[in-house]
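The values are calculated or read from the model by the stated rules, or taken from the named source; none is laboratory data. Note that the structure is predicted; figures quoted are calculated from it, not measured. In this analysis, Cβ positions are derived from the backbone assuming ideal geometry, glycine residues included, and neighbour counts consider all displayed protein chains. Ligands, DNA and RNA are stripped out before the accessible areas are found, and what is left, the full protein with its side chains, is counted by its heavy atoms. Shrake-Rupley method; radii C 1.70, N 1.55, O 1.52, S 1.80 Å.
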Amino acid sequence: MDRDKILLTPGPLTTTLRTKLAMLRDWGSWDADFNAVTASLRSSLLSVIHGHDSHVVVPLQGSGTFSVEAAVATLVPRDGHVLVLDNGAYCKRAARLTTLMGRRCTVLGFDEAAQVDPATLEQQLKGDASITHVVMIHCETGAGVLNPLQAVSDVCAANGKGLIVDAMSSFGAIEIDARKTRFDALVAASGKCLEGVPGMGFVFIRKAVLDDCAGRSQSLAMDLHDQYVYMEKTTQWRFTPPTHVVVALAEAIAQFEAEGGQPARLARYTSNYQTLISGMAKLGFKPFLDPAIQAPIIVTFHAPVDPKYSFKTFYASARSRGFILYPGKLTQIETFRVGCIGAIGPDEMEQAVHAMALTLQDMGIASAAPA
Ligand SMILES: *Cc1c(COP(=O)(O)O)cnc(C)c1O
């Protein structure tokens with residue numbers, strides 16, 4: 001069968017037919033029609049965070065990590081000092097790219113089964129005046145933890161530190177309001193909860209810090225200030241834009257708005273999440289996280305203790321039934337992940353659970369209970 005499989009992954013994810021169809025045209029990067037799409041897209045993105053007064057948004061070619069790297073390079077002075085709040089794999093990636101770009105970087109570690117702690121952050125900031133910026137991941141996609149953005153933002157504001165937020169897997173689904181929450185930069189991308197296709201990121205930069213960013217980036221391609229200035233002056237992207245990705249995202253955002261924006265998206269993902277959790281519980285699967293800190297974005301499950309279980313076989317069998325699962329990303333214990341995001345609803349989640357039930361039967365596993 002050539003029907004697309006359903007992607008239960010945190011990007012790329014399942015998109016609607018309308019979004020896919022938007023890519024069937026060619027656009028000139030200098031053409032006014034395309035530049036109008038870019039302008040309207042940027043305005044819609046700012047509306048999602050109520051950020052028209054406080055922030056600008058700068059799109060950038062590439063996957064989400066390119067934009068995180070660009071945000072750090074553009075925002076942090078070369079002699080700046082970044083504190084990364086680390087409770088998972090994407091935090092470690094942010095620390096690594098910060099170090100590779102020659103910025104001083106300190107990592108404040110937390111348990112990967114817990115949220116980062118604002119009180120510990122406050123202590124660290126009081127004890128080291130050289131820290132200029134804090135980097136946090138809003139939803140740590142590694143395990144699926146939702147980190148306390150408002151509390152971290154309050155601590156940074158009270159201590160006069162810049163805050164850079166990787167909101168890649170939360171943007172569009174979890175509320176982020178720039179009128180209430182102060183951040184210098186916030187990063188997201190086309191192929192996550194907005195349900196576009198992968199290929200571009202975008203960074204919200206606080207207007208008050210924008211001018212100071214000139215000349216800070218050590219990279220030409222990653223310089224968001226330069227991209228911003230060029231885009232404002234010419235309405236064009238600085239280098240070849242991912243035209244098909246841009247028009248697909250514009251189409252995906254039109255559907256996002258028609259659905260009811262962020263609250264509606266959160267409601268659908270929450271109902272996907274609840275359908276998944278309750279169905280999986282019946283099979284014996286146990287989630288890794290305490291539900292109180294779990295984002296309804298991606299769920300980590302313990303692997304079954306049954307010796308007949310192997311992720312490879314489990315994956316292949318679920319795949320043959322039309323569902324693509326995601327491996328675990330924890331270092332200590334064996335897990336796998338199931339995404340709740342994308343152009344899917346509770347019906348698809350129910351079918352996914354059913355596919356996993358049949359898969360367990362095939363493997364001769366009576367209960368998926370962990371050790
Ligand atoms: C998806 C994601 C990224 C970006 O990953 P890419 O593979 O570069 O698209 C960054 N941070 C988080 C938290 C993510 O979920």
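Below are the figures for this structure:
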{"item": "Among the residues listed as A264, A214, the single one being within 24 Å of the chain's Cα centre (by Cα), open to solvent by 10 Å² or more (accessible area, probe 1.4 Å) and without any contact (Cβ under 8 Å) to a residue 60 or more places away in the chain", "result": "A264"}
{"item": "Lone unmet requirement of (1) within 16 Å of S63 (Cβ to Cβ); (2) away from the ligand (no atom under 16 Å from the Cβ) for S190", "result": "(2)"}
{"item": "Residue count, region 175-187 (criterion: within 16 Å of the ligand (Cβ to nearest atom) and in a loop (DSSP other than H, G, I, E, B))", "result": "2"}
{"item": "Among (1) touching a strand residue (DSSP E or B) at 6+ places or on another chain (Cβ under 9 Å); (2) in contact (Cβ under 8 Å) with a residue 24 or more places away in the chain - the single one D177 does not satisfy", "result": "(1)"}
{"item": "Some residue of region 81-93 being away from the ligand (no atom under 15 Å from the Cβ) and surrounded by 24 or more Cβ atoms within 10 Å (Cβ to Cβ)", "result": "yes"}
{"item": "Condition met for T99 (open to solvent by 10 Å² or more (accessible area, probe 1.4 Å) and in a strand (DSSP E or B))", "result": "no"}
{"item": "Verdict on F301 being out of contact with any Phe, Trp or Tyr (no Cβ under 6 Å at 6 or more places or on another chain), of a type in the set (F, W, Y) and surrounded by 14 or more Cβ atoms within 10 Å (Cβ to Cβ)", "result": "no"}
{"item": "All positions within region 127-156 that are open to solvent by 10 Å² or more (accessible area, probe 1.4 Å) and not in a loop (DSSP other than H, G, I, E, B)", "result": "G127, H133, L146, L149, Q150, A151, D154, V155"}
{"item": "Breaking point among (1) closer than 30 Å to R319 by Cβ; (2) assigned to a loop (DSSP other than H, G, I, E, B), for K20", "result": "(2)"}
{"item": "Test: residue in region 275-288 that is in a helix (DSSP H, G or I) and under 17 Å from C193 (Cβ atoms)", "result": "yes"}
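Residues checked against (1) assigned by TED's automatic domain parsing to the domain that holds S54; (2) out of contact with any Pro (no Cβ under 8 Å at 6 or more places or on another chain); (3) more than 26 Å from H133 (Cβ to Cβ):
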residue: L220; (1), (2), (3): yes, yes, no
residue: V229; (1), (2), (3): yes, yes, no
residue: T234; (1), (2), (3): yes, yes, yes
residue: W237; (1), (2), (3): yes, no, yes
residue: H244; (1), (2), (3): yes, yes, yes
residue: A248; (1), (2), (3): yes, yes, yes
residue: E251; (1), (2), (3): yes, yes, yes
